[in-house]
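Peer 1: I am attaching a structure below and will ask some questions about it afterwards.
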Amino acid sequence: MESDKEINFDSLTRNVGKFHFGETTVLIPAMNRIAAHLFAATFRGFGVHAKVLETYKGLDLGKKYTSGKECYPCQITLGDILSFIQREKERLGNAFNPESYIYFLPESDGPCRFGLYNKYQRIVLDSFPELSRLKITSLTTRDGYSLAGMLEKDKVLDFQKTGYFSLVIADILDRLMWKIRPYEKEAGMADDFIEQSMHIMEDTFETYGPKKEFRKVLKKLEEIIEKGKTIIDPGIPPKPLIGVVGEIFLRMHVGANQDLIRVLERHGAEVVNASIAEWVNYVSYEGLRRAKIEFRLALKQMRLGAIKFHLKNILEFGADLLYKELRQKQIYRRVESHINVVKDHKISHLENVLKEDDLFSFDIGTEACLSIAAIMECAPGGFNGIVNVYPFTCMPGTTTSAVVKPLVNELGVPYLDTPYDSSIQPGREAAIRTFMYQAHQHYRRHGREENH
Ligand code: SF4
């Protein structure tokens, strides 16, 4: 593929936005393997041709078309789409048509760079003349990741409900894996089992998702959990419990974080990573919080049009958040009757944690809000160590580290920062080993939360 250097700024609005999927193939980045596959299966159930992009195979291309100042997830996702296109062109030859694909790349508002990934990647795609016709569809936090305009009107709400359901089920499958893998009877059993379970769940979502037959999905999940429990060797004693927080892409992408959880497990940990649903709930919570602020301002200034507009937003974001929290609670309640897994905190609770000790403010936004509050909950709450994982130079990740380090020090809980780019740091393994030594000491002295 040959690129040219001219930038077409008009394309940033024309070819990035909400486009009707129609007959195109929707390309989904695999930030988290299970979530991406279940989400794609849900799309397929609703009649959309959805495909998960193979990830981490095109990092060289991602690096070739970035300057090095971009965030690491931007390099990875750019590499994923470019290498997909390269392979498709080889496969299809002259029949390759960029218009038959839509690249699905959500964005986020806020002071960090996530809002710019799709614009930057648009510029790169446009630099290949034939790729200017490949559209980027962009869900945004501004409207709570609404799919309005992408699907037929009568499918939007049902898809949003089922899509959210699939993300929570993906969280549960991940948590099941982290729960059983450190105690598996034979090495590799848990990985094989979760891979098979993911495929079972894909079929389940394709079949039952569109009809919102969530009971059938939950029944399948219960069967999976019961089977998964048989992998646990009851003779292996409990291990130190480690919480992982930080930037969502790096936390979730095992290639990008150099399989951090597995490395921690190799050094004797049982790990719980923050969830995907937590971020999705935060987006709705933040929409509601901002709508309330704008509403109060409009009321003060007696701007009737604005009052009406923000009131509508309050109702919409409020209903969305309520639905998600209730649904998530329902799923975890069902899971709890089979196995103990860590539940997510309500986002309002996390905001209160920050307010109580005046640690940080939701007004600043970004994942630092969630990470700082989660650390302050986990550190004294039965965890034996905390790892903060983020891309090198990530603003929220660095902020989190600066705020929490002195606090966890005071609490005497082992803490480790793990910033990643694509380089292999020679001291990483030693740092993790030392951290895990401290976590074992902490566990010996304080024990751990047995309900986890
Ligand atoms: S959260 Fe960090 S890695 Fe992600 S866009 Fe913002 S600064 Fe970049």
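Values in this text are rule-based calculations from the coordinates and carry no lab data. Since this is a predicted model, take the numbers as computed values, not measurements. Note that we place each Cβ from the backbone using ideal geometry, even for glycine, and neighbour counts take in every protein chain shown.
Peer 1: Can you flag which of LYS51/LYS227; LYS185/LYS227; LYS212/LYS329; LYS57/LYS89 are past 19 Å Cα-Cα?
Peer 2: Violating the 19 Å limit, Cα to Cα: LYS51/LYS227.
Peer 1: Suppose a student asked you for the relative contact order of the chain, using Cα pairs under 8 Å spaced at least 6 residues apart; what percent would you report?
Peer 2: Here the relative contact order equals 17 percent.
Peer 1: Further question on the same structure: Going by a ≥ b ≥ c, the root eigenvalues of the Cα gyration tensor, does segment 354-413 fall in the rounded group (a/c under 1.5), the prolate group (a/b larger than b/c) or the oblate group?
Peer 2: oblate
Peer 1: Here is a follow-up. Relative contact order (percent) for segment 61-199, with alpha-carbon contacts under 8 angstrom and 6 or more residues of separation?
Peer 2: Relative CO of segment 61-199 lands at 16 percent.
Peer 1: Which of rounded, prolate or oblate describes the chain when judged by the alpha-carbon gyration tensor and an a/c cut-off of 1.5?
Peer 2: Taking the square roots of the gyration eigenvalues as a ≥ b ≥ c, the chain is rounded.
Peer 1: What net charge do the residues around GLU54 carry, taking every other residue with its C-beta under 11 Å from that of GLU54, with Lys and Arg at +1 and Asp and Glu at -1?
Peer 2: +3
Peer 1: Further question on the same structure: Give me the net charge of TYR332's neighbourhood, meaning all other residues with Cβ under 14 Å from the Cβ of TYR332; Lys, Arg count +1, Asp, Glu -1.
Peer 2: +2
Peer 1: Separate question: Tell me whether segment 1-132 comes out rounded, prolate or oblate; compute the Cα gyration tensor, take square roots of the eigenvalues as a ≥ b ≥ c, and use a/c under 1.5 as the rounded threshold.
Peer 2: rounded
Peer 1: Hey, if you put +1 on the Cβ of every Lys and Arg and -1 on every Asp and Glu Cβ in segment 23-96, which of VAL26, ALA36, GLY58 ends up farthest toward the positive end of that dipole?
Peer 2: GLY58
Peer 1: Okay, moving on. Cross-link candidates for LYS292: which aspartates and glutamates have Cα within less than 14 Å, leaving aside residues fewer than 8 places away along the same chain?
Peer 2: Straight-distance partners of LYS292: GLU316, ASP363.
Peer 1: In Å, the Kirkwood hydrodynamic radius of segment 227-287 over pairs of distinct alpha carbons?
Peer 2: Every distinct Cα pair counted, the radius reaches 13.6 Å.
Peer 1: Nearest 500 deg cm²/dmol is fine: what mean residue ellipticity at 222 nm does the chain get from its DSSP H runs of n ≥ 4 alone, each adding -39,500 (n - 2.57), divided by its residue count?
Peer 2: Helix-only estimate at 222 nm: -18000 deg cm²/dmol.
Peer 1: Here is a further query. What ranking of SER422, SER361 emerges when the number of other C-beta atoms within 10 Å of each C-beta is taken as an exposure proxy, fewest first?
Peer 2: SER361, SER422
Peer 1: May I pose another question? Within segment 139-157, list the residues whose amide N lies under 20 Å from a label point set 7 Å along Cα→Cβ of LYS216.
Peer 2: 155-157
Peer 1: Calculate the all-directions average of the projected area of segment 73-176's alpha-carbon convex hull, and give it in nm².
Peer 2: Reported value for the Cα convex hull: 8.7 nm².
Peer 1: Just add up the charged neighbours of PHE84: K/R +1, D/E -1, any other residue whose Cβ is under 13 Å from the Cβ of PHE84.
Peer 2: Result for the local shell: +1.
Peer 1: Would you please name the trypsin sites (Lys or Arg not before Pro) within segment 1-82 that are DSSP coil residues with at most 11 other C-beta atoms within 10 Å of their C-beta?
Peer 2: Of the trypsin sites (Lys or Arg not before Pro), the ones in loops of segment 1-82 whose Cβ has at most 11 other Cβ atoms within 10 Å are LYS5, LYS69.
Peer 1: Also, I was wondering about something else. Which entries in the list LYS216/LYS343; LYS211/LYS308; LYS220/LYS346; LYS69/LYS405 go over 29 Å, if you measure between the two C-alpha atoms of each?
Peer 2: Going by Cα-Cα distance, LYS211/LYS308 fall outside the 29 Å limit.
Peer 1: Cut-off is 10 Å between beta-carbons; in what order do CYS74, CYS378, CYS112 appear when sorted fewest neighbours first?
Peer 2: So the residues, fewest neighbours to most, are CYS112, CYS74, CYS378.
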